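The block underneath contains the structure these notes are about, expressed in structure tokens.
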Amino acid sequence: MSSSNLTMWASSKPSISDASPLSFRASVGSIFQLPSSGNPSRANPVAPIQCNLRELRDRIDSVKNTQKITEAMKLVAAAKVRRAQEAVVNGRPFSETLVEVLYNINEQLQIEDVDAPLTSVRPVKKVALVVVTGDRGLCGAFNNNIIKKAEARIAELKGLGLNYTVISVGKKGNTYFLRRPYIPVDKFLEGGTLPTAKEAQAIADDVFSLFVSEEVDKVELLYTKFVSLVKSNPVIHTLLPLSPKGEICDLNGNCVDAAEDEFFRLTTKEGKLTVERDVVRTETIDFSPILQFEQDPVQILDALLPLYLNSQILRALQESLASELAARMSAMSNATDNASELKKTLSMVYNRRRQAKITGEILEIVAGANALT
């Protein structure tokens, strides 16, 4: 009798393996559920995870693998953002020296009546927007922010009664504008892994032809300006007509050329690779105020303005790439931290379930021994 009672008691005990994976996913979501707003003084109890130990082990292994992937993507982005920042800094002395040359030429042209096509200011009827986005995702709100900036600018131009056209650069921007046929797009361009002068020249040629043929009266460049590892700002710069001084300015006419940069390097800390930053300042040689040009200043200006247009577009592409990589690095860092927290939570539930199972088996043995005696 005692043996049959023990068998019936053991068979009536609910099995942990009866739960389905669907209830496991629902219970994992309930771990992070907030208390009910109906009665703030009483919080809803956390629903237990109804799954067997094998499913928990598989889930923990999956989270571990995800954590390894996001950690690797973080380090890859950190290495790439260093190279992208070096490209920006290495090209800055040329850009700033070109500014000095254009400024000195402009000083000599103040007394002459010169007709430079890229500096001619005329009444604005149509605006071309060069929107620079990324080619990949997994970078937080990087692409979303610049697209929102473009949408806000388009709405502003519509409010002013001005026509507009878009030159989209980047796969994410191309996909966005292709799904919205009501937005006029002049050309779709794809960026490369590392911006080159050839890619910048393709954009500059299209912009140059639109502005010189008077199809558009103003060209604005929308891209993400790289500020620091955790900060990047979507900005709008007036690309054409060019400033007489050669500076790139925002909508209010303020010069936005940066003077300081942040360098990043990978170091080892507590057995893990980390990122440290250094602030450097770019130094350029000042031109003499009595500098004289052997050739006609008009010829030099006609040669330098397209070159400077190309350099500014290349610089915007490089800064956008550095911002994208920094955003991806930050996003992968957050994903790694979240995976670590989830792994810790699941491991705690797994240990409790395992301990409860062992305790239950011990109680069954003790109860059976007591029943037999």
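Where a number appears in this text, it was derived from the coordinates with a stated rule and is not lab data. All values reported here derive from a predicted model rather than from experimental measurement. Cβ atoms come from the backbone with ideal geometry, glycine included; neighbour counts cover every protein chain shown.
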**OP:** Pop out the ³J(HN,Hα) list for region 231-240 in order, Karplus 6.51 cos²θ - 1.76 cosθ + 1.60 with θ = phi - 60°, rounded to Hz; leave Gly and Pro as x.
**Re:** 9, 8, 10, x, 10, 10, 10, 7, 8, 9
Subject >> Under 9 Å, Cβ to Cβ, from Leu129 - net charge with Lys/Arg +1 and Asp/Glu -1 >> reply: 0
**OP:** Could you check the simple spin-label distance between Val230 and Asp205, using points 7 Å along Cα→Cβ, in nm with one decimal?
**Re:** 4.4
**OP:** Search the structure for amide H atoms under 5 Å from the amide H of Lys125, placed 1.01 Å from N in the peptide plane, and list their residues when 5 or more places away or on another chain.
**Re:** Asp217
Original post:
Between rounded, prolate and oblate, where does region 169-218 land on the alpha carbon gyration tensor, with a ≥ b ≥ c its root eigenvalues, rounded for a/c under 1.5, else prolate if a/b exceeds b/c?
Top reply: oblate
Original post:
Summing +1 for each Lys or Arg and -1 for each Asp or Glu, what net charge is found among the other residues whose Cβ lies under 14 Å from the Cβ of Leu162?
Top reply: +2
**OP:** Would you pull out the residues with amide H under 5 Å of Val185's amide H, same chain only if 5 or more places away, H placed 1.01 Å from N?
**Re:** Val166
**OP:** Find how much the distance from Glu151 to Ala72 grows on full extension, using 0.36 nm per residue of separation minus their present alpha carbon separation; answer in nm with one decimal.
**Re:** 25.0 nm
**OP:** Kindly provide the chymotrypsin sites (Phe, Trp or Tyr not before Pro) of region 170-226 that DSSP labels as loop, not H, G, I, E or B, and whose Cβ sees at most 14 other Cβ atoms within 10 Å.
**Re:** Tyr182
Subject >> Table column - 3J(HN,Hα) (Hz), region 212-228, Karplus curve with 6.51, -1.76, 1.60, x for Gly and Pro >> reply: 5, 7, 6, 5, 10, 9, 7, 10, 10, 10, 10, 8, 9, 7, 7, 9, 8
**OP:** Quote the FRET efficiency, to the nearest 0.05, computed for Phe94 versus Glu190 with a Förster distance R0 of 25 Å and r equal to the Cβ-Cβ distance.
**Re:** 0.45
Original post:
Given the pairs Lys64/Lys344; Lys125/Lys148; Lys148/Lys172; Lys64/Lys343, which are separated by over 18 angstrom at their Cα positions?
Top reply: Lys125/Lys148
